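S.K.: Structure below; questions to follow.
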Amino acid sequence: MRLAGQARKAFDPRRHTPRFWRGPDQTLEAAVAVCRYLVTDVDASVAFYTKLGFAAEQQFGPAMAIMRRDDLVLWLAGPDASAARPMPDGRRPEPGGWNRFVVTVDDLPATVEELRAAGVAFRNDVVTGPGGKQILCEDPSGNVVELFQPA
């Protein structure tokens, strides 16, 4: 029982401490979440995420870039990044899948129209639910981003 109590204490959200990372000026900055996406082209991905309101904080040549939007820090790891190295069993990490983060927008139809005009691929049409409207688009490497407009 002591172990269970320790586990509850470790995951108690009231004790949550934000993670820190070094910003472009090397000062420690808090981020609520840091997410890494594997991408096939870092420059194309930086351009895509800039359109979604992210700001480029750092770029390490073609290997990696760090983007920020509010409290979300996004690490874009290209084919030359250490995150793309093969696993011990030989499998290689690759972009794509269905896990995603959500970007809240004020005007979903206008955002979709703008991104479609820029050639962004979408996996579905706008879906309306009790909390609002959403649609899934892909970054240039096929990673999913959910665009969401609250009701």
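S.K.: When the Kirkwood radius is taken over all Cα pairs of the stretch 82-132, what Stokes-Einstein diffusion coefficient follows at 4 °C and 1.567 mPa s, in µm²/s?
M.R.: Numbers: Rh = 14.4 Å.
In µm²/s, the coefficient is 90.
S.K.: Can you sort LYS51, LYS133 so the residue with the fewest Cβ neighbours within 10 Å comes first?
M.R.: Working: LYS51 12, LYS133 17.
Least crowded to most crowded, the residues run LYS51, LYS133.
S.K.: Sticking with this structure for a sec: Using a Förster radius of 30 Å, what is the FRET efficiency between ALA63 and PHE148 based on their Cβ-Cβ separation? Nearest 0.05, please.
M.R.: Details: r = 31 Å, r/R0 = 1.02.
The value I calculate is 0.45.
S.K.: Taking amide hydrogens as modeled 1.01 Å from N in the peptide plane, which residues meet the under 5 Å criterion relative to PHE101, leaving out close sequence neighbours?
M.R.: Amide H neighbours of PHE101: GLU146.
S.K.: Using Cα pairs under 8 angstrom and six or more residues apart, how large is the relative contact order of the stretch 104-151, in percent?
M.R.: 39 percent
S.K.: Using the per-residue mean of other Cβ atoms lying within 10 Å as a proxy for protection, in what order, highest first, do the peptides 38-46, 118-126 fall? Spell out each step's value before the answer.
M.R.: Details: 38-46: 19.9, 118-126: 11.8.
Result, highest mean Cβ count within 10 Å first: 38-46, 118-126.
S.K.: Oh, and also: Quick one: net charge of VAL112's neighbours, Cβ under 11 Å, K/R +1, D/E -1?
M.R.: -2
S.K.: Which residues' amide hydrogens lie under 5 Å from the amide hydrogen of VAL39, considering only partners 5 or more residues apart or on another chain, with H built in the peptide plane?
M.R.: For VAL39, the qualifying residues are ALA77, GLY78.
S.K.: Quick one: if you stick a label point 7 Å off each Cα along the C-beta vector at ALA55 and ARG92, how many nm between them?
M.R.: 3.6 nm
S.K.: If amide H atoms are built 1.01 Å from N in the plane of the peptide, which residues on other chains or at least 5 residues away come under 5 Å of the amide H of LYS133?
M.R.: It is GLN149, ALA151, by chain and number.
S.K.: Would you mind ranking SER82, SER141 so that the residue whose beta carbon has the fewest other beta carbons within 10 Å leads the list?
M.R.: Values: SER82 8, SER141 20.
Arranged by neighbour count, lowest to highest, SER82, SER141 become SER82, SER141.
S.K.: Please tell me the relative contact order of the stretch 64-144 in percent, rounded to the nearest whole number, where contacts are Cα pairs under 8 Å and at least six residues apart.
M.R.: 22 percent
S.K.: Give the dimensionless ratio obtained when the Cα radius of gyration of the stretch 45-90 is divided by 2.2 N^0.38 Å. Walk me through the intermediate numbers first.
M.R.: Working: Rg = 12.1 Å, N = 46, 2.2 N^0.38 = 9.4 Å.
Ratio of Rg to 2.2 N^0.38 Å for the stretch 45-90: 1.29.
S.K.: Sort CYS137, CYS35 so the one with the fewest other Cβ atoms within 10 Å of its own Cβ comes first. Let's see the in-between values first.
M.R.: On the way: CYS137 22, CYS35 15.
Ranked by crowding around the Cβ, least crowded first: CYS35, CYS137.
FYI, it's all coordinate maths here, none of it is from the lab. If you're wondering where the values come from, they're calculated on a predicted model, not measured in any experiment. Here Cβ is always computed from backbone atoms with ideal geometry, including for glycine, and neighbour counts include all displayed protein chains.
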